[in-house]
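Here is the structure we will look at, set down as C-alpha cells.
Here, each number is a calculation from the coordinates, and none is a lab measurement. None of the values given here were measured: they were computed from a predicted structure. Don't worry about glycine lacking a Cβ; one is built from the backbone with ideal geometry, like all the others, and counts go over all protein chains shown.
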C-alpha cells in the first residue's frame, strides 16, 4: 500500500480486460498472434533453408499465415462460432497477400526514390511500412472478416 492507493494488480480484472471484445484488447491479441506467427515463420524458414531460401520463405509465409488466421479467428476476434475455418483462411490469406503486395511495392518505391538511404533509415522505413500494413490488416480483419 502506498498512502491510500492500493498498487496491487487485480489479476482477474486485467484478464477480463485483455479477453474483452473491445478494439484495444483485440489489438493486443492481434500483436501477440503476429509475434507468435513470426516466430513460427522463422523456425520453419530455418528448418527448410537447406532446400533453398525462396522455397523456405514461401513455405514459412504460407504456414505462418494459416496459423495467424486461425489464431485470429479463435483468439483475437473470438469468432470461431461466427466464422468458419475456410472463410478465415480465404479472406485472411487474401488480406495477407494484399499486404505483401503493398509492402513490396512500398519498399520498391523507397529503393527507387531514395536509393542512397542508409541501413538505419531503411530499417526504420521497413518498420513503418510493416506497421502501417499491419494496422490496415487489423482494421480489415476486424471490420470485414471477423
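Values of log10 I(q)/I(0) for the stretch 16-94 across q = 0.14, 0.17, 0.20 Å⁻¹ run -0.50, -0.68, -0.85, by the Debye formula with one identical scatterer at each alpha carbon and no solvent.
With N as its number of residues, the chain has a Cα radius of gyration that, divided by 2.2 N^0.38 Å, comes to 1.28.
Under a 10 Å cutoff between Cα atoms, tell me which one of 103, 61, 50 has the largest fluctuation in the Gaussian network model of the chain. Fluctuation is largest for 50. Counting neighbouring Cβ atoms within 10 Å and putting the fewest first, the residues 73, 142 line up as 142, 73. Inter-part distance, the stretch 99-136 to the stretch 29-97, computed on C-alpha centroids, equals 21 Å.
Principal-axis analysis of the Cα atoms of the chain puts helix 119-140 at an angle of about 60° to the longest axis. Here the residues 86, 36, ranked from fewest to most Cβ neighbours within 10 Å of their Cβ, fall in the order 86, 36. With one equal scatterer per alpha carbon and no solvent term, the Debye-computed log10 I(q)/I(0) for the stretch 5-51 at 0.14, 0.26, 0.27 1/Å reads -0.55, -0.90, -0.92. Dividing the alpha-carbon radius of gyration of the stretch 66-109 by the rule-of-thumb value 2.2 N^0.38 Å gives 1.35. When only Cα pairs below 8 angstrom with a gap of at least 6 residues are kept, the stretch 11-145 shows a relative contact order of 21 percent. Sorting 126-133, 62-69 by their mean Cβ neighbour count within 10 Å, with the most densely packed peptide first, gives 62-69, 126-133. Axis angle, to the nearest 10 degrees, between helix 85-113 and the longest C-alpha principal axis of the chain: 60 degrees.
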